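The values are calculated or read from the model by the stated rules, or taken from the named source; none is laboratory data. Computed from a prediction, not measured in an experiment: that's the story for all the values here. Please note: Cβ atoms are built from the backbone with ideal geometry, for glycine as well, and neighbour counts cover all protein chains shown. What goes into the accessible areas is simple: the full protein's heavy atoms, side chains included, and nothing from ligands, DNA or RNA. Shrake-Rupley method; radii C 1.70, N 1.55, O 1.52, S 1.80 Å.
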There are 2 protein chains.
Amino acid sequence: MWVMIDEGDVLAARDRVTETARHTPLDYSYTFSDLTGAAVHLKLETFQRTGSFKIRGATNRIATLSEAEQEAGVVTASAGNHAQGVALAATRIGVDSTIVMPEDAPVAKVKATRSYGGRVVLHGADYDEAAERAHEIEREEGRTYVHAFDDPMVMAGQGTIGLELLEDLPEVDTVVVPIGGGGLISGIATALKAADPEIRVVGVQAEGASSVAPSLEKGRIVEREGVETIADGIATRRVGDLTFEVIQERVDEVVTVSDDETAEALTLLLERGKTLVEGAGAVPLAALLEGKFDYDEGEVVVPCLCGGNIDLNLLTTVIMRGLVQTGRYLRFRTVLKDRPGELERLVEVISEHRANIYAIEHGRTSRDVAMNDAEVEIDLETRGPDHVDALLDALREAGYEVEVLV
Amino acid sequence: MWVMIDEGDVLAARDRVTETARHTPLDYSYTFSDLTGAAVHLKLETFQRTGSFKIRGATNRIATLSEAEQEAGVVTASAGNHAQGVALAATRIGVDSTIVMPEDAPVAKVKATRSYGGRVVLHGADYDEAAERAHEIEREEGRTYVHAFDDPMVMAGQGTIGLELLEDLPEVDTVVVPIGGGGLISGIATALKAADPEIRVVGVQAEGASSVAPSLEKGRIVEREGVETIADGIATRRVGDLTFEVIQERVDEVVTVSDDETAEALTLLLERGKTLVEGAGAVPLAALLEGKFDYDEGEVVVPCLCGGNIDLNLLTTVIMRGLVQTGRYLRFRTVLKDRPGELERLVEVISEHRANIYAIEHGRTSRDVAMNDAEVEIDLETRGPDHVDALLDALREAGYEVEVLV
């Protein structure tokens, strides 16, 4: 029987966590305050060592192991931030760590985990297979398995973010936190509610990995069949047993956002905030921007940008999606009669609508096109959804069959 | 005859600038300290309002106009950060501003400039034509033209960054600053050298827009025929007359970096630092990473990340270039006999070398390929230059003619 973590656990975690993790900046945002009417301060946990909050919980867990346990070393499985957090936390404390990662884990994350001193074992096709291997190593080598979220010491470590918020911004009204396994929000809610029960804690999940809202409704943990979201850091089928209890007691509401909303928030943060977040780091801001919870004019709201470890190839895809989503990028395909002047005529329609052309691909190679016709694909910079609509209307009026590609 | 700006001008600018601009964060970087051996602190001017330092100089310039001049309003020409800086500075002081931007200026920048209260006039095919129109408006409407750099009050305003560095990091040894027109480095060098002549100021230009090093050598301003660089914020043909005098007296050395080096630094800042900079913002870090100037182990070095306003489409291109540059992305083309099993055979070679496949494009449509052959283009994630070389060798040994595309 576990006793739910309390403020004391988080306060005790602080000294240990400070040894390795940073007190990350809290930054007032003119841009997002203007856009929402709230007083928005961004918790830049993206600037945390290893690029995410996971280092906090891992440090607290490993620092509180017995001497014998520390001597035997730790093991965990992760494809992402937890791998790096455990590796650096263990190295800093002087404990040996083995991290099992799926065989197709992104090169950058494997490299980073190794650079923090973790021994990386590549095993299995997915997280479940890697975790199985990690538990074998746990038994074979007598190592302690460091769970990514469902552990009181891990939760307490993540809660140190709540202490930093109370210190830097005592007037905070609402804190918005992503939920995957629930470790981060459990810790933060514990710290905040103990200091002031009036501070609101809002949890955010990705639509394609939402399990907490239905779980709260039913009063028991609901497990999803599968998950599908660009926010891979919170792509979990269910929350933890322990974290669910804390969420039930200390979180005020839980909302969801779509991948498109997440991509748009991520793109805005990059373009206007000059800050790179991963999908999971963008969901709190997405929930705020989309009005997924109520707030008053001038309310002091803190979205926790919990991490910034996003694969750069995925990033370019997400940026594109964010631009399309906001009507600032359009790619379409059409067919031209293959005779002189036809392309010029098409370009003229586009120019009249002042859309900037990024690229034109022009060819006769497609098998779907009649012998004398030419297919053309055009990439454009546009000024918003209305501009896109007006341009498409004009093209169709000019007789073009237009197929929008993104 | 002008009197060179001094510390007093910068100190006087501080109170005015504080009204509108932010004291931006200075952030110690574990990543870049590890990579270089120096103690690297990043000046995050990317978090400045309007996304760049230009707001500082514009504010000081407009605030020191006479009442009659303020009444008549200001005008300037810019395709970039200066446009936004003047617009917001003027609006905050209560002065009317007209900003002439070239007709093909990026939509995002036009929109941002308008959102800060500037009246935007789109005119001309390039900056020179826009500037011509701005000077016409200056004469026609009696407005004051706000120069982007060659103005003592503008320089003094930019110099407030130097004061912030002295306040936040008195032990600073070396400050690294981009040079376009020279306003930023003139102000910063003035502030730093007055406080401590031992603080070193290093200027950085893009190779394709380098004019200061040859100018210093000849003792007179050298003007380039043309410029070619991804760092559009410092793509100038020459420095200013006034800024050149300050640079001659107060800047210790001036180095250059290539576009590839800039792209690599920009990508690293994004991936490891979670910070978006524009090309001009990346050049100081590029110079440090590439060892373009000498420094001692543990030397306290501050690269000024002067701005973060980069077009997101350009960004995706730069990221790709950065990944290719560091051997982490490979796209190649080869030809397969068009019979069953050929693609599998190729994929096997790639898998043996543990390169992750992002995309395969496979077709028979190219005119360069014999009727029975199929051309295939493959995008891969690789682990570094050695990995790329080993993979290409293996493919060639297996009998493939490989053409590297990026």
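A protection proxy built from the mean count of other Cβ atoms within 10 Å ranks the segments A:33-46, A:344-357, most packed first, as A:33-46, A:344-357.
A 1.4 Å probe run over the protein assembly as shown, with the rest of the protein chains in place, finds 40 Å² accessible per residue. Total buried accessible area between B and A, probe 1.4 Å, nearest 100: 3800 Å². Taking a Cβ cut-off of under 15 Å around B:T326, the surrounding Lys, Arg, Asp and Glu residues balance to a net charge of -4, with basic ones at +1 and acidic ones at -1. When the C-alpha to C-alpha distance is required to be over 21 Å, the pairs from B:K43/B:K111; A:K109/B:K292; A:K111/A:K274; A:K54/A:K109; B:K43/B:K193 that qualify are B:K43/B:K111; A:K109/B:K292; A:K111/A:K274. For the listed peptides A:273-285, A:323-335, A:122-134, B:257-269, a ranking on the average number of other beta carbons within 10 Å per residue, highest first, reads A:273-285, B:257-269, A:323-335, A:122-134.
Once the Cα-Cα distance is subtracted from the 0.36 nm per residue extended length, the A:A68 to A:M4 segment shows a gain of 20.5 nm.
Annotation for A:E228, label-to-label distances across the other copies: 4.7 nm (shortest first, one decimal, point 7 Å from Cα along Cα→Cβ).
Annotation: the antiparallel percentage among DSSP beta bridges lying fully within the protein assembly as shown is about 45.
Mean residue ellipticity at 222 nm, helices only, the protein assembly as shown: -13500 deg cm²/dmol; runs of at least 4 DSSP H residues each add -39,500 (n - 2.57), and the sum is divided by the number of residues.
Peptides B:389-400, A:190-201, B:178-189 ranked from most to least packed by the mean count of surrounding Cβ atoms within 10 Å: B:178-189, A:190-201, B:389-400.
Distances between placed amide hydrogens fall under 5 Å for B:V204 paired with B:V177, B:I179, B:V255, all partners being 5 or more residues away or on another chain.
Of all DSSP bridge pairs formed entirely within chain A, close to 45 percent run antiparallel.
Just need the relative contact order of the range A:15-115 here, percent rounded to a whole number, with Cα pairs under 8 Å and 6+ apart. This gives 23 percent for the range A:15-115. Note on chain A: with neighbouring protein chains present and a 1.4 Å probe, carbon and sulfur make up 44 percent of its accessible heavy-atom surface.
Calculate how steeply helix A:259-271 sits against the longest principal axis of the alpha-carbon atoms of chain A, using the helix alpha-carbon long axis, and give the answer as 0 to 90 degrees to the nearest 10. The answer is roughly 90 degrees. Computed over the Cα atoms of the range B:242-329, pair by distinct pair, the Kirkwood hydrodynamic radius stands at 14.0 angstrom. Label-to-label distances for A:W2 across copies, nearest first, come out at 6.6 nm, using points 7 Å from Cα in the beta-carbon direction.
Paramagnetic label reach from A:L343 (point 7 Å along Cα→Cβ; backbone nitrogen cut-off under 12 Å): within the range A:375-406, residues A:375-378. Modelled spin labels at A:R224 and B:E103, positioned 7 Å past Cα toward Cβ, are 5.0 nm from each other.
Here the Debye sum runs over all C-alpha atoms of chain B as equal scatterers in vacuum, and log10 of I(q)/I(0) at q = 0.09, 0.13 Å⁻¹ comes out as -0.60, -1.02.
Taking 60 Å as R0, compute the FRET efficiency from the Cβ-Cβ separation of A:Y145 and A:D34 and round it to 0.05. The pair A:Y145/A:D34 has a calculated efficiency of 0.80.
Distances between copies of B:L35, taken at a point 7 Å out from Cα along the Cα→Cβ vector and listed shortest first: 2.7 nm.
Counting, for every residue in A:266-278, the Cβ atoms of other protein chains within 10 Å of its Cβ and taking the mean gives 5. Only residues of the range A:304-328 count here: report those whose backbone N is under 20 Å from the spot 7 Å along Cα→Cβ of A:E361, or say none. Label zone hits: A:313-325, A:328. Computed over all pairs of different Cα atoms, the Kirkwood value for the hydrodynamic radius of the protein assembly as shown is 28.6 Å. With a 10 Å cut-off around each Cβ of A:303-314, the average count of Cβ atoms from other chains is 3. For chain A, the longest principal axis of the C-alpha atoms and the axis of helix A:342-352 are separated by about 60°. Among the residues of A:354-360, the average count of other protein chain beta-carbon atoms within 10 Å of the residue beta-carbon is 2.
Report relative contact order for chain B in percent, whole number only (criteria: Cα-Cα under 8 Å, sequence separation at least 6). In percent, rounded to a whole number, it is 15. The range A:186-202 and the range B:102-116 have their alpha-carbon centroids 42 Å apart.
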